[in-house]
Structures are given as C-alpha cells and as structure tokens.
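Here's the structure, in structure tokens; my notes come after.
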Amino acid sequence: MNVFKIGVLASGNGSNFQAIVDAIKRKEINVEVSILICDKADAFVLKRAKNENIKYILIERKSFSSKNEFENAIINKLKEVNVDLVVLAGFMRIISENFVNEFPNKIINIHPSLLPSFPGIESCQQALDYGVKITGVTVHFVSKEVDAGPIILQEPVYIYENDTAETLAQRIHQIEHKLLPQAIHLISSNLVEISARKVKIKCN
Ligand code: GRF
C-alpha cells in the first residue's frame, strides 16, 4: 500500500513539526513527511528538518511580487511531491480561498485555543485578557474563513491564577504535540468523515 504523504508548512520553532516526526519514529503514525515548507529564513524548523533528513524548502513571500504567486509556488511544491494532506503547524500566514480550493478537505491547522473562542493571533493572551478559566487546543480543517473550518479534535487546558501567556503556551504546546499527530493518524487511517461541516470520527 502507498504510504500516506503529508506536507508540513511552518514559520517558526517547529515543535509541532518535531512532534509529528517523533510520532512517526515511534511508529505511532504511519505517514511520511514528504516536504517541509517554511516561509522564514531564520526559522528553527528548517534546522529540525535538516537534522531529521526531511526534504525542506524555504519559500519567502518577499521573493514574489504577489501573494498569489507566492502561494502558487507553495501549491506547486506540495503537488510535486503528491501530498495527501497539508498540515499547517505554526504557519503564520492566512492562506487564500484559492489555496484552500486546491486541496479540498485536505488542509488541517493547529490552533492554541478552543475555537470558536480566540481565533487569530495571540490566543493565549486573548484568553488571559478575557478571564476564561479554561482554554485549550483545536485541530481543524482549513476553510476559507480564518480559524473556522470543521473541528476534528479539541482538548481543554486549565488556566492557573498566576499564568502568563508564556506559561500557558507551554502547557498548550504539550497538548498540541499529542493532538496534532493524533488527528493525522485519524485522517490517514480514513477514520474522519465530514458532513454538513461537522466531523465524525469513525470507530475502527
Ligand atoms: C502553535 O502554538 C500553534 O498552535 C500555532 O503556532 C504555534 C507553533 O508552534 N498555530 P511551533 O512552531 O510548532 O513550536
């Protein structure tokens, strides 16, 4: 059987990318990272890919005259390696409707809050500012609306009295590192069904 191929897009540290690679190495998920695409030259995730011998490419927005051309370069790379799933793992850009339509129901994102609460950036700070007692992690399919696609998995994280955005983000990251590989496992095992924007996890 053909191995299930994923393409990962990331812009920063890449701890979620690493969590996927580690889950593969532990044989918890049966997929191949066919490519890492990064849009920031100084992102640590590039070093992680190099260390792990995973094919990677830097595609910077500034090398293109339009967002459309920039995205087309990314889309072409993903198609070149025939990915079955695109994983946004800390990719700090909003992708266009055109990009989403190129991979229907085949793009997932990890977000550090319980969506639909606190979409966009600085979700940990947003949660602290609002004063909620529980926030969490969401893995969802990407739709043309930002942080609003069908939800695959969620897990709560309690907020402590003395939390800062940094301490909260650390605990959120620990959950992300478990939830993202789990979502990839479910999708690659064909255990995820979407109907009327709701996701159903099939039991095996
Ligand atoms: C994560 O918190 C993720 O939810 C958000 O960006 C962060 C990326 O972290 N979208 P890392 O680069 O994977 O460490």
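The values are calculated or read from the model by the stated rules, or taken from the named source; none is laboratory data. Keep in mind the model is a prediction, meaning the values are calculated, not measured. Note that each Cβ is placed from the backbone with ideal geometry, even for glycine, and that neighbours are counted across all protein chains shown. Just the protein is used for accessible areas: all its heavy atoms, side chains included, with ligands, DNA and RNA removed. Shrake-Rupley method; radii C 1.70, N 1.55, O 1.52, S 1.80 Å.
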Exercise for review: Would you mind telling me which numbered condition in (1) at pLDDT 95 or above; (2) open to solvent by less than 80 Å² (accessible area, probe 1.4 Å); (3) of a type in the set (D, E, K, R) Lys202 fails?
Suggested key: (1)
Point to revise | Output for region 174-189, where each listed residue is within 12 Å of the ligand (Cβ to nearest atom) and open to solvent by 70 Å² or more (accessible area, probe 1.4 Å) | key: Gln174
Check your understanding: Can you tell me which of Lys106, Lys144 is modelled with pLDDT of 95 or more, of a type in the set (D, E, K, R) and either open to solvent by 40 Å² or more (accessible area, probe 1.4 Å) or under 14 Å from the mean Cα position of the chain (by Cα) (or both)?
Key -> Lys106
Check your understanding: Looking at Leu9, is it open to solvent by less than 10 Å² (accessible area, probe 1.4 Å), touching a residue at least 24 places away in the same chain (Cβ under 8 Å) and within 13 Å of the ligand (Cβ to nearest atom)?
Key -> yes
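Just the residues that are closer than 16 Å to Val157 by Cβ and open to solvent by 70 Å² or more (accessible area, probe 1.4 Å), please, taken from region 109-124. Working first, answer last.
Going residue by residue through region 109-124, those that are closer than 16 Å to Val157 by Cβ are 110-115, 117-118, 122-124.
Within region 109-124, just Glu122 meets the criteria.
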Exercise for review: Those residues that are without any contact (Cβ under 8 Å) to a residue 24 or more places away in the chain and acidic (Asp, Glu), I need them from region 174-204; list them, please.
Suggested key: Glu193
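Within the bounds of region 76-84, is there any residue that is surrounded by 20 or more Cβ atoms within 10 Å (Cβ to Cβ), within 22 Å of Val33 (Cβ to Cβ) and at pLDDT 95 or above?
Yes, region 76-84 has at least one match.
Filter region 159-173 down to residues that are open to solvent by less than 80 Å² (accessible area, probe 1.4 Å) and more than 20 Å from Asp22 (Cα to Cα), then give me how many there are.
Filtering region 159-173 for residues open to solvent by less than 80 Å² (accessible area, probe 1.4 Å) gives 159, 163-165, 167-169, 171-173.
Now restrict to residues that are more than 20 Å from Asp22 (Cα to Cα): 159, 163-165, 167-169.
Residues in region 159-173 being open to solvent by less than 80 Å² (accessible area, probe 1.4 Å) and more than 20 Å from Asp22 (Cα to Cα): 7 in total.
Has region 57-73 got at least one residue that is within 16 Å of the chain's Cα centre (by Cα) and either within 14 Å of the ligand (Cβ to nearest atom) or open to solvent by less than 10 Å² (accessible area, probe 1.4 Å) (or both)?
Taking region 57-73 first, the residues within 16 Å of the chain's Cα centre (by Cα) are none.
Checked region 57-73: no residue is within 16 Å of the chain's Cα centre (by Cα) and either within 14 Å of the ligand (Cβ to nearest atom) or open to solvent by less than 10 Å² (accessible area, probe 1.4 Å) (or both).
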Check your understanding: Ile194 passes all but one of (1) open to solvent by less than 40 Å² (accessible area, probe 1.4 Å); (2) in contact with a Pro (Cβ under 9 Å, 6 or more places away or on another chain); which number fails?
Key -> (1)
Revision key, fill the gap. Over region 151-192, the set of residues closer than 22 Å to Glu28 by Cβ, of a type in the set (Asp, Glu) and more than 14 Å from the chain's Cα centre (by Cα) is Glu155
**Study point:** Residue count, region 156-197 (criterion: modelled with pLDDT under 95 and either in a helix (DSSP H, G or I) or at negative phi (or both))
**Key:** 2
Point to revise | Residues being within 14 Å of the ligand (Cβ to nearest atom), open to solvent by 10 Å² or more (accessible area, probe 1.4 Å), among the β-branched types (Val, Ile, Thr) and assigned to a helix (DSSP H, G or I) - total across region 22-48 | key: 0
